[in-house]
1. Rank the residues 15, 145 as a footprinting-exposure proxy: fewest other Cβ atoms within 10 Å of their Cβ go first.
2. Using a 10 Å cut-off around each Cβ, can you sort 17, 25, 123, 157 from fewest to most neighbouring Cβ atoms?
3. Compute the relative contact order of the chain as a whole-number percentage, counting only Cα pairs closer than 8 Å that sit 6 or more residues apart in sequence.
4. Take the chain, connect every pair of alpha-carbon atoms lying under 10 Å apart with a spring to form a Gaussian network, then pick out the residue of 74, 129, 142 with the largest mean-square fluctuation.
5. State the label only: which of (1) 17.1; (2) 17.5; (3) 16.5 corresponds to Kirkwood radius over Cα pairs in Å computed from the shown model?
């Protein structure tokens, strides 16, 4: 890393920055049109309800990336894990070891909290990220497929 990296947890007044990073990530993933989150919603779910945590990567006093994560649970392990929903480093800071440092910090948090695993999903076309994750020793879960219910489908099933 060229410059010293520090980490800090997001505070309520960071909500606009969280949304900015979410939108930057969505733009990179060619999914910006799918972002419906707004500051009020993020503030409620992250800070009022405590359903997720955000860790900022900071270089020279500037937030250059973030990780949004939450706890899941493994019945086989009998303990919680950390699920990494979003990992993002701004383009001008990529290739400098900051992404690896963020994952290392998340692994440290998981170990300190006695979690059984750290896991995440990656888009199939994102070969640079796939190669990066493999270089860290992460294993793809090739025998598992993610299923999702949203919108009307979710509502209809709930009725």
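No value in this document is a laboratory result; all are computed from the given coordinates. Computed from a prediction, not measured in an experiment: that's the story for all the values here. Every residue, glycine as well, gets a Cβ built from its backbone with ideal geometry; the counts of neighbours run over all protein chains shown.
1. Ranking 15, 145 by Cβ neighbours within 10 Å, fewest first, gives 145, 15.
2. With the fewest neighbours first, 17, 25, 123, 157 line up as 157, 123, 17, 25.
3. Normalised by residue count, the contact order of the chain is 18 percent.
4. Result for the chain, Cα springs under 10 Å: 142 fluctuates most.
5. Computed from the coordinates, Kirkwood radius over Cα pairs in Å corresponds to (1).
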